[in-house]
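Have a look at the structure below before the remarks.
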Amino acid sequence: MSISKLLVANRGEIAARVLRTARAIGIKTAVLRHPAEVDTPAHAIADEVLTINGPTPVAAYLDIEQITQVATRIGADAVHPGYGFLAENAAFVKALDAAGIIFVGPTEDVIDLMGDKIRARNFVEERGFPVAPSAIEDDNPADFVERARAVGYPLLIKPSAGGGGKGMHIVREDSQLETGIETARREGERYFGDGRLFVERYIEDPRHIEVQVMGDGQGNVVHFWERECSIQRRFQKILEETPSPALSPEQRDEICESAAGIARAVNYRGAGTVEFIYAADGGFYFLEMNTRLQVEHPVTEMVTGFDLVAEQLRIAAGEELGLQQGDIGQTGHSIELRICAEDSDADFRPAIGDILLMDEPTGPGVRVDSGILDGGSVTTDFDPMLSKLIVHGRNRNEAIARARRAAQDYVILGVTTNLGYLDAILAHPKFQSGDISTGFLAEEADALKHEPDAATQDILMAATALSDATLVQAVENVPEIYRMMGAWRN
Amino acid sequence: MRRILEINGEETPIWLASTGQTHVLHLGEREIPCSFDPATGKGSYTLEIDGARIPLRVAVGEESTFVHLNGRAYEIGRTDPSQTLGETGGGLAQDQMVAPMPGVVVSVDVAAGDTVTEGQTLLVIESMKLETTIAAPRDGVVAEVPFATGDSFGGKEILLSLVPLEEAE
């Protein structure tokens with residue numbers, strides 16, 4: 001079994017990134033395009049660009065039947081799903097299977113198991129890996145309060161049917177438990193029409209640490225070390241790094257071995273990520289497993305030297321992993337910044353616009369995975385992430401310095417981006433000392449705001465006036481006598 | 001010639017003059033001599049201001065100018081104050097009254113469905129501490145009034161629209 005033609009069922013920076021590797025190893029490539037999309041780097045790299053249709057561009061990228069037909073029609077023997085869209089959709093794997101096309105990823109069963117958060121949690125717990133203590137009302141409603149009490153304080157009450165933080169309550173002492181349960185139940189009924197609850201131990205100031213794993217589905221699994229992703233806004237990561245500044249070498253081995261153990265327990269095939277909540281006391285608990293390549297995989301590539309997409313394609317073609325844990329080192333430090341079209345000073349509101357001028361940073365240890373081209377435009381059709389800036393340094397301080405320099409050199413004009421905000425995070429003393437948690441951006445919101453000072457405002461206004469062709473022309477057309485008057489009128 | 005520039009929601013009226021040798025930016029009471037020359041690289045310029053030579057990257061958009069300065073991008077909104085209030089939103093039918101700059105609605109004198117005659121007061125707005133009456137540009141029927149008294153609006157927002165002539169009886 002080998003792959004000679006690959007369809008990338010995705011778009012943006014990840015499509016370009018996967019296509020580059022596929023082309024480099026001699027695989028013919030194809031990518032999709034919805035008629036509403038502008039030119040992107042992926043379209044320039046792929047050997048073939050295939051139009052897909054749908055009521056919205058996103059609907060087209062989620063259309064299993066249409067994408068499977070396209071793959072069949074062009075004779076692709078494999079499909080890489082990237083991340084998002086159909087990357088964790090068991091029905092897509094099934095459809096490709098029926099068409100005799102390889103899905104670059106794990107099996108349908110593993111996607112199903114890990115996609116169900118309660119089943120995944122129980123599976124991991126039964127095999128002896130750490131999960132946050134919790135109690136599910138449905139298991140036995142009669143003694144739910146007793147079991148909730150046994151979880152220990154502080155605890156978090158959540159509606160079983162919930163999402164988006166609605167109906168969630170933190171309870172810090174026993175006297176608040178029963179009223180907390182009643183309030184959460186009323187809210188669950190109101191928001192979701194379902195009053196069933198579950199509780200779990202609430203981790204104060206948690207960090208988000210995850211581990212890259214890779215398996216061949218033939219019993220071999222290794223890990224590619226951890227990534228720390230605690231810098232989040234609206235529960236979404238915007239800056240990731242590896243190694244995590246929080247872990248001692250012993251803790252690092254322990255958390256990475258746990259992740260590899262979980263992957264081994266499902267005989268994992270392909271690239272995956274096991275996510276953990278890491279508590280201030282050093283405890284860590286399984287959160288979920290993502291059965292795909294992650295947005296932040298490049299930091300792992302920078303410190304290990306591996307091309308994870310090349311490994312994915314090798315395994316998808318049926319090869320054995322052929323790697324021992326000892327073959328995978330962690331050299332230096334890497335940071336990724338997610339460049340998003342959004343206004344960080346206005347509650348991260350997505351921004352749109354035309355890219356009037358773009359200049360990407362270069363230099364030692366700098367990598368840009370971009371989904372945009374100069375002259376392109378940013379619409380609300382897709383996710384606001386435009387590109388990723390990844391740096392590598394010999395140590396964390398050098399990586400921070402390189403990330404700052406590269407972020408400052410990265411010119412994107414015409415649409416508001418979070419580049420300045422990301423630079424402010426890198427410059428923050430608490431970030432620099434590694435003292436971060438998932439609450440960092442909310443707690444330091446004021447310190448991360450930027451207002452141009454008076455001298456800067458003068459410069460901006462002068463540049464705006466003098467680059468305004470109509471304004472300058474009008475001034476220059478004024479007859480000499482009035483121009484002289486203008487000089488002494490005030 | 002004047003402009004109203006907006007940085008971080010704060011508006012500043014400016015005007016530009018020339019001495020023949022250099023330009024002079026008038027910012028309120030202040031007069032700042034400055035000059036602006038292209039440098040190497042797309043959108044690269046050197047701004048000379050207060051004796052300092054400052055390298056920057058500039059891209060001029062339709063309503064805003066984007067400047068990359070000292071490792072950071074800024075957006076500066078540009079408004080031409082001579083652009084009349086209530087200018088049509090495109091087309092000759094004069095169907096939409098568009099706000100040229102952000103402001104507040106002082107009063108709303110008509111409602112959707114009302115028949116209006118040319119010159120009739122439709123609403124009163126305040127922008128840049130200046131009260132302006134928006135009058136009907138033609139006879140017609142009010143289609144929509146998206147704002148109520150006391151509401152704020154942004155630049156380029158539609159303040160009121162009339163039923164297009166071809167749809168009206």
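The values are calculated or read from the model by the stated rules, or taken from the named source; none is laboratory data. Predicted, not measured: the structure shown is a model, and the values here were computed from it. Here Cβ is always computed from backbone atoms with ideal geometry, including for glycine, and neighbour counts include all displayed protein chains.
Quick check on region A:436-468: of everything there that is hydroxyl-bearing (Ser, Thr, Tyr) and part of a loop (DSSP other than H, G, I, E, B), which residue is nearest to B:Thr46 (Cα to Cα)? Spell out the reasoning first.
Taking region A:436-468 and keeping what is hydroxyl-bearing (Ser, Thr, Tyr), we get A:437-438, A:456, A:464, A:467.
Going one step further and asking which of them are part of a loop (DSSP other than H, G, I, E, B), we end up with A:437-438, A:467.
On the way: A:Ser437: 42, A:Thr438: 42, A:Ser467: 11 Å.
Looking at the filtered set, the residue picked out is A:Ser467.
Looking at B:Glu48, B:Glu10, can you tell me which residue is of a type outside the set (A, V, I, L, M, F, W, C) and out of contact with any strand residue (DSSP E or B) (no Cβ under 6 Å at 6 or more places or on another chain)? The unique qualifying residue is B:Glu10. Of the strands (runs of 3 or more DSSP E) entirely within region A:119-214, those holding at least 3 residues that are surrounded by 14 or more Cβ atoms within 10 Å (Cβ to Cβ) occupy A:134-136, A:155-159, A:197-201. Consider region A:13-35 and keep the residues that are surrounded by fewer than 16 Cβ atoms within 10 Å (Cβ to Cβ) and farther than 15 Å from A:Ser2 by Cα. The one that is modelled with the lowest pLDDT is A:Pro35. The residues of region A:384-397 that are among the charged types (D, E, K, R) and either in contact with a His (Cβ under 7 Å, 6 or more places away or on another chain) or at pLDDT below 95 (or both) amount to a single one, A:Arg396.
So for region A:413-421 (the condition being in contact with a Lys or Arg (Cβ under 6 Å, 6 or more places away or on another chain) and in a helix (DSSP H, G or I)), does at least one residue qualify? Outline the logic, then answer.
Just the residues of region A:413-421 that are in contact with a Lys or Arg (Cβ under 6 Å, 6 or more places away or on another chain), to begin with: A:420.
Those left that are additionally in a helix (DSSP H, G or I): A:420.
Yes, that holds for at least one residue.
For region B:1-43, the set of residues classified as over 15 Å from A:Ala474 (Cβ atoms) and of a type in the set (A, V, I, L, M, F, W, C) consists of B:Ile4, B:Leu5, B:Ile7, B:Leu27, B:Ile32, B:Cys34, B:Phe36, B:Ala39, listed by residue number. How many residues are in contact with a strand residue (DSSP E or B) (Cβ under 9 Å, 6 or more places away or on another chain) and in a helix (DSSP H, G or I) if we restrict to region A:315-336? Residues flagged as in contact with a strand residue (DSSP E or B) (Cβ under 9 Å, 6 or more places away or on another chain) and in a helix (DSSP H, G or I) within region A:315-336 amount to 4.
Take the residues in region A:53-62 that are crowded, with 19+ Cβ neighbours inside 10 Å and free of Cβ contacts under 8 Å to residues at least 60 places away in the same chain; name whichever of them is farthest from A:Thr273 (Cα to Cα). I'd like the intermediate steps shown before the answer.
Of region A:53-62, the ones crowded, with 19+ Cβ neighbours inside 10 Å are A:57, A:60-61.
From what is left, the residues that are free of Cβ contacts under 8 Å to residues at least 60 places away in the same chain are A:60-61.
Working: A:Ala60: 27, A:Tyr61: 23 Å.
Once the filter is applied, the top-ranked residue is A:Ala60.
Filtering region A:36-48 to residues that are of a type outside the set (D, E, K, R) and surrounded by 17 or more Cβ atoms within 10 Å (Cβ to Cβ) leaves A:Thr40, A:Pro41, A:Ala42, A:His43, A:Ile45, A:Ala46.
Against the criterion of being of a type in the set (Lys, Arg), assigned by TED's automatic domain parsing to the domain that holds A:Asp435 and over 23 Å from the mean Cα position of the chain (by Cα), A:Arg264 qualifies. Within region A:309-323, residues that are more than 15 Å from A:Phe103 (Cβ to Cβ) and in contact (Cβ under 8 Å) with a residue 12 or more places away in the chain reach partners that are of a type in the set (Val, Ile, Thr) and in a helix (DSSP H, G or I) with beta carbons closer than 9 Å, at six or more positions or on different chains, in the pairs A:Ala310/A:Thr21; A:Leu321/A:Ile315.
Please determine whether any residue of region B:49-60 is exposed (fewer than 15 other Cβ atoms within 10 Å of the Cβ), at the interface with chain A (Cβ under 7 Å from one of its Cβ atoms), part of a loop (DSSP other than H, G, I, E, B) and of a type in the set (D, E, K, R). No, region B:49-60 contains no residue that is exposed (fewer than 15 other Cβ atoms within 10 Å of the Cβ), at the interface with chain A (Cβ under 7 Å from one of its Cβ atoms), part of a loop (DSSP other than H, G, I, E, B) and of a type in the set (D, E, K, R). Among the residues making up region A:465-476, a single one is of a type in the set (S, T, N, Q) and within 7 Å of chain B (Cβ to nearest Cβ): A:Ser467. Would it be correct to say that A:Asp381 is out of contact with any Pro (no Cβ under 8 Å at 6 or more places or on another chain) and either modelled with pLDDT under 95 or in a loop (DSSP other than H, G, I, E, B) (or both)? Answer is no for this residue.
Where strands (runs of 3 or more DSSP E) fall wholly inside region B:1-40, the ranges with 3 or more residues that are more than 8 Å from chain A (Cβ to nearest Cβ) and closer than 13 Å to A:Ala463 by Cα are B:30-38. Suppose the filter is on the phi > 0 side of the Ramachandran plot, under 13 Å from the mean Cα position of the chain (by Cα) and either at pLDDT below 80 or loosely packed, with under 15 Cβ neighbours inside 10 Å (or both); does B:Met101 pass it? When the stated conditions are applied, B:Met101 does not pass them. Do you know which of the residues in region A:337-363 that are part of a loop (DSSP other than H, G, I, E, B) and either at pLDDT 95 or above or hydroxyl-bearing (Ser, Thr, Tyr) (or both) is nearest to A:Glu444 (Cα to Cα)? Residue satisfying both the conditions and the ranking: A:Ser344.
Considering A:Val104, A:Val58, A:Val49, the condition of being within 22 Å of the chain's Cα centre (by Cα) and within 23 Å of A:Gly375 (Cα to Cα) is satisfied by A:Val58 alone.
Every condition in (1) over 20 Å from the mean Cα position of the chain (by Cα); (2) more than 30 Å from A:Ala36 (Cβ to Cβ) holds for A:Ala399 except the one numbered (1).
Reported count of residues in region A:44-67, each being touching a strand residue (DSSP E or B) at 6+ places or on another chain (Cβ under 8 Å) and among the hydroxyl-bearing types (Ser, Thr, Tyr), is 2.
Hey, among the residues in region A:67-82 that are crowded, with 16+ Cβ neighbours inside 10 Å and not β-branched (Val, Ile, Thr), which one's nearest to A:Leu50 (Cα to Cα)? Among them, the one singled out is A:Ala71. Selection over region A:254-294 of residues that are touching a residue at least 60 places away in the same chain (Cβ under 8 Å) and among the charged types (D, E, K, R) gives a count of 4. For region A:406-464, filtered to residues that are among the polar types (S, T, N, Q), in contact with an Asp or Glu (Cβ under 9 Å, 6 or more places away or on another chain) and buried (at least 24 other Cβ atoms within 10 Å of the Cβ), the residue that is farthest from the other protein chains (Cβ to nearest Cβ) is A:Asn418.
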